[in-house]
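Student: This structure is in structure tokens; I'll ask about it shortly.
The values are calculated or read from the model by the stated rules, or taken from the named source; none is laboratory data. Everything numeric in this text was worked out from a predicted model, so none of it was measured. Neighbour counts run over all protein chains shown; Cβ positions are idealised from the backbone, glycine included.
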Amino acid sequence: MNILAVMEQRHGQWHRMSFETLAAAQQFAAQLGATASAAVVGRGTAALAAELAVRRLDKVYAVEHDLLGEYTPDGYCLALRQLIERVQPSVVLFPHTYQVRDFLPKLATSLGRVAVSDAVSHRIENGQVVLVRQLFQGKLNVDVRFLGEGPHFASLQAGAYRADQVAEGAATVEAFAPRISADQIRTRPQEPFRESQRAVDLGAAEIIVSVGRGIKEADNIPLIQKLADVLGAELAASRPICDAGWLPMERQVGSSGQTVTPKMYLAVGISGAIQHLVGMKGSRTIVAINKDANAPIFEVADYGIVGDLFQIVPELIEAIKKVK
Ligand SMILES: Cc1cc2nc3c(=O)[nH]c(=O)nc-3n(C[C@H](O)[C@H](O)[C@H](O)COP(=O)(O)OP(=O)(O)OC[C@H]3O[C@@H](n4cnc5c(N)ncnc54)[C@H](O)[C@@H]3O)c2cc1C
């Protein structure tokens, strides 16, 4: 039994979720008594494959072809399908990225299988994988089991597994050259969509103070900035704050923003929607200020203050100043 993690890279740079998928593959393998392997697809993947060769894996497959230099759904499906037919993994795991959403249904269908998308966790029952998916914006969790013969396909939600839990080891690298011809690729990649320039690296911040819609209006943001300043923290926000242009997009935390794991994450006036939680739940200590005692943010918080932020934050600033 073999678990295959398909890593994502672009122009030699890993997608940050790739190593979360690798950690998951290692966990699946350990719990199932199986081996874990990883695949990297592209052109000139030797350096990336070498990086994987120092992890606890059975094999690293460097799937190489000139036509894989730029991502195309046809190219990736052809290459991965041939690899899967040769390697015969029982479960194939992917990060739930935009690229994977684009090609995974086609890949799974081409092999007569379905794909379980955006899983948030798993457990093993009677030697079988049970995946957990969320429905209705995280209000319901459902268990999903694979039926029939493998290979089984699943993509994993950002933040569901921790990249820092990837185990080190040694693996052999095997080059795999798929057969692809130019006429099989029906799309020509354009310039990729440019994400906003990241002047701020929230990923490196030790303390983050994050503000949500509870702040009411843009004119109140300086209050939270003051709190961040006295704590020596970076300022971040939930999506509605960035959508409204009250803070730049690069400060957004969550599934469509940055994933952060600071020593302390202080959420002020943030409800704790699942799309926000996936970006910050790996923080070492989470503190939440919210006037609603039932806000979901309190389910992940280590410390919670129930009350009006406009009363609490000024008092907190004064108290921190005194301690300092
Ligand atoms: C595809 C998709 C991607 C998304 N990506 C992201 C993402 O990356 N990041 C993200 O954050 N969201 C994302 N969202 C949006 C997400 O679903 C929520 O809508 C959003 O996180 C809510 O932001 P919020 O908590 O600031 O606002 P709300 O949900 O409106 O919560 C405001 C909170 O403030 C509290 N509050 C109000 N007044 C006060 C006060 N005076 N004092 C104290 N507390 C107060 C309220 O009790 C409430 O809990 C995404 C949604 C979708 C569909």
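Student: State whether the residues of segment 282-304 include one that is over 28 Å from L135 (Cβ atoms) and either in the same structural domain as A160 (by TED's automatic domain parsing) or charged (D, E, K, R) (or both). Walk me through it before giving the result.
Tutor: Step one: list which residues in segment 282-304 are over 28 Å from L135 (Cβ atoms), which gives 284-285, 287, 289, 303.
Imposing the further condition that a residue be either in the same structural domain as A160 (by TED's automatic domain parsing) or charged (D, E, K, R) (or both) reduces the set to 284.
Yes, segment 282-304 has at least one match.
Student: In segment 151-172, what residues are buried (at least 17 other Cβ atoms within 10 Å of the Cβ) and more than 14 Å from P95 (Cα to Cα)? Walk me through how you get there before you give the answer.
Tutor: In the first step, residues of segment 151-172 are kept if they are buried (at least 17 other Cβ atoms within 10 Å of the Cβ); the result is 151-161, 163, 166, 171.
Selection gives P151, H152, V166, A171.
Student: What's the number of the only condition in (1) closer than 30 Å to A62 by Cβ; (2) assigned to a loop (DSSP other than H, G, I, E, B); (3) out of contact with any Phe, Trp or Tyr (no Cβ under 9 Å at 6 or more places or on another chain) that G203 fails to meet?
Tutor: (2)
Student: Quick test for you: out of A233, A237, pick the one residue that is in contact with a strand residue (DSSP E or B) (Cβ under 6 Å, 6 or more places away or on another chain) and either within 8 Å of the ligand (Cβ to nearest atom) or outside the structural domain of I270 (by TED's automatic domain parsing) (or both).
Tutor: Testing whether each residue is in contact with a strand residue (DSSP E or B) (Cβ under 6 Å, 6 or more places away or on another chain) and either within 8 Å of the ligand (Cβ to nearest atom) or outside the structural domain of I270 (by TED's automatic domain parsing) (or both) leaves just A237.
Student: Further, regarding this structure: If you check P89, P95, P151, P105, which single one turns out to be within 30 Å of P262 (Cβ to Cβ) and in contact with a strand residue (DSSP E or B) (Cβ under 8 Å, 6 or more places away or on another chain)? If you could, list the steps in order and put the result at the bottom.
Tutor: Numbers: P89 fails: within 30 Å of P262 (Cβ to Cβ); P151 fails: within 30 Å of P262 (Cβ to Cβ); P105 fails: within 30 Å of P262 (Cβ to Cβ).
Only one candidate qualifies: P95.
Student: Among the residues of segment 218-233, is any modelled with pLDDT of 95 or more, in a strand (DSSP E or B) and surrounded by 16 or more Cβ atoms within 10 Å (Cβ to Cβ)?
Tutor: Checking segment 218-233: not a single residue is modelled with pLDDT of 95 or more, in a strand (DSSP E or B) and surrounded by 16 or more Cβ atoms within 10 Å (Cβ to Cβ).
Student: So, one more: Name the residues in segment 172-217 that are in contact with a Gly (Cβ under 9 Å, 6 or more places away or on another chain), among the hydrophobic types (A, V, I, L, M, F, W, C) and at pLDDT 95 or above, would you?
Tutor: Answer for segment 172-217, where residues must be in contact with a Gly (Cβ under 9 Å, 6 or more places away or on another chain), among the hydrophobic types (A, V, I, L, M, F, W, C) and at pLDDT 95 or above: I180, I185, I207, V211, I215.
Student: Turning to a different aspect of this structure: Inside segment 57-97, can you point out the residues that are of a type in the set (G, A, S) and touching a Ser or Thr at 6+ places or on another chain (Cβ under 8 Å)? Outline the logic, then answer.
Tutor: Within segment 57-97, the subset of a type in the set (G, A, S) is 62, 69, 75, 79, 90.
Scanning segment 57-97 gives a single hit, A62.
Student: Could you look through segment 246-288, keep only residues that are within 6 Å of the ligand (Cβ to nearest atom) and over 19 Å from the mean Cα position of the chain (by Cα), and pick out the one that is surrounded by the fewest Cβ atoms within 10 Å (Cβ to Cβ)?
Tutor: S271
Student: Give D302, D292, D308, D243 a once-over and let me know the one that is within 30 Å of H15 (Cβ to Cβ), surrounded by fewer than 18 Cβ atoms within 10 Å (Cβ to Cβ) and within 9 Å of the ligand (Cβ to nearest atom). Outline the logic, then answer.
Tutor: On the way: D302 fails: within 9 Å of the ligand (Cβ to nearest atom); D292 fails: within 30 Å of H15 (Cβ to Cβ); D308 fails: within 30 Å of H15 (Cβ to Cβ).
Unique residue meeting the criteria: D243.
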